[in-house]
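Q: Structure below; questions to follow.
Read-outs throughout are calculated quantities, based only on the coordinates presented, and are distinct from any laboratory measurement. Computed from a prediction, not measured in an experiment: that's the story for all the values here. Here the Cβ positions follow ideal geometry from the backbone for every residue, glycine too, while neighbour counts run over all protein chains shown.
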Amino acid sequence: MQLKTRTLTNWKRQKKSVTSEFSSKINSSRASITTLSHKINNGYEYREVECEVALNFPHGGDKTITRKDTGGIVRVEEMTKAEKEQELKKLQEVLGLK
């Protein structure tokens with residue numbers, strides 16, 4: 001009888017472990033479904049995309065931000081004061097003025 005009791009206890013432990021494992025898998029699937037549902041309902045998702053910045057392009061004082069993967073222009077905006085000063089320093093070095 002003692003052997004049968006230990007066997008029963010062992011089966012119960014295994015059942016609890018398997019149930020817990022499947023519950024975790026089910027919850028993970030539910031979370032994935034929720035995330036995908038939000039993306040579909042919103043019609044978009046945010047992703048990190050590598051970009052490069054071209055200063056003084058297309059015009060002096062502007063900067064163009066371009067996606068590296070597609071080459072598409074993200075936006076063109078005015079250079080910051082710090083960017084303008086940085087470009088001026090580079091130009092001075094090239095011309096030997098500093």
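Q: When the helix-only estimate is applied to the chain (DSSP H runs of n ≥ 4, each -39,500 (n - 2.57), divided by the residue count), what is the mean residue ellipticity at 222 nm, nearest 500 deg cm²/dmol? Walk me through the numbers on the way to the answer.
A: Details: 2 runs with 56 residues, N = 98.
Mean residue ellipticity at 222 nm (helix-derived): -20500 deg cm²/dmol.
Q: Continuing with this model, one more query. Taking GluC sites (Glu not before Pro) as candidate sites, keep only those in a DSSP loop with at most 10 other Cβ atoms within 10 Å, then name the longest stretch of the chain containing none of them.
A: Working: sites that count: 45, 48, 50.
Counting at most 10 other Cβ atoms within 10 Å as exposed, the longest clean stretch of the chain is 51-98.
Q: From the backbone phi of segment 58-67, what are the Karplus-calculated ³J(HN,Hα) couplings (6.51 cos²θ - 1.76 cosθ + 1.60, θ = phi - 60°) in whole Hz, Gly and Pro given as x?
A: Karplus-based 3J(HN,Hα) across segment 58-67 equals x, 9, x, x, 9, 9, 10, 9, 10, 5 Hz.
Q: Oh, and also: For the charge dipole of segment 1-46, defined by +1 on Lys and Arg C-beta atoms and -1 on Asp and Glu C-beta atoms about the Cα centroid, which residue among 20, 35, 9 has the Cα displaced farthest towards the positive pole?
A: 9
Q: May I ask for the Kirkwood hydrodynamic radius of segment 51-95, worked out over all distinct Cα pairs and given in angstroms to one decimal? Please report the intermediate quantities before stating the final value.
A: Numbers: mean 1/r = 0.0906 Å⁻¹.
This gives a value of 11.0 Å.
Q: If contacts are Cα pairs under 8 angstrom and at least 6 residues apart, what is the relative contact order of the chain in percent? Mind dumping the intermediate values first?
A: Working: 62 pairs, mean separation 12.5, N = 98.
It comes to 13 percent, rounded to a whole number.
Q: Let me ask something additional. Match the structure shown to one of the listed values (i) 1.20; (ii) 2.40; (iii) 1.79 of Cα Rg over 2.2 N^0.38 Å, computed from it, and give that label.
A: After the calculation, the listed value that fits is (ii).
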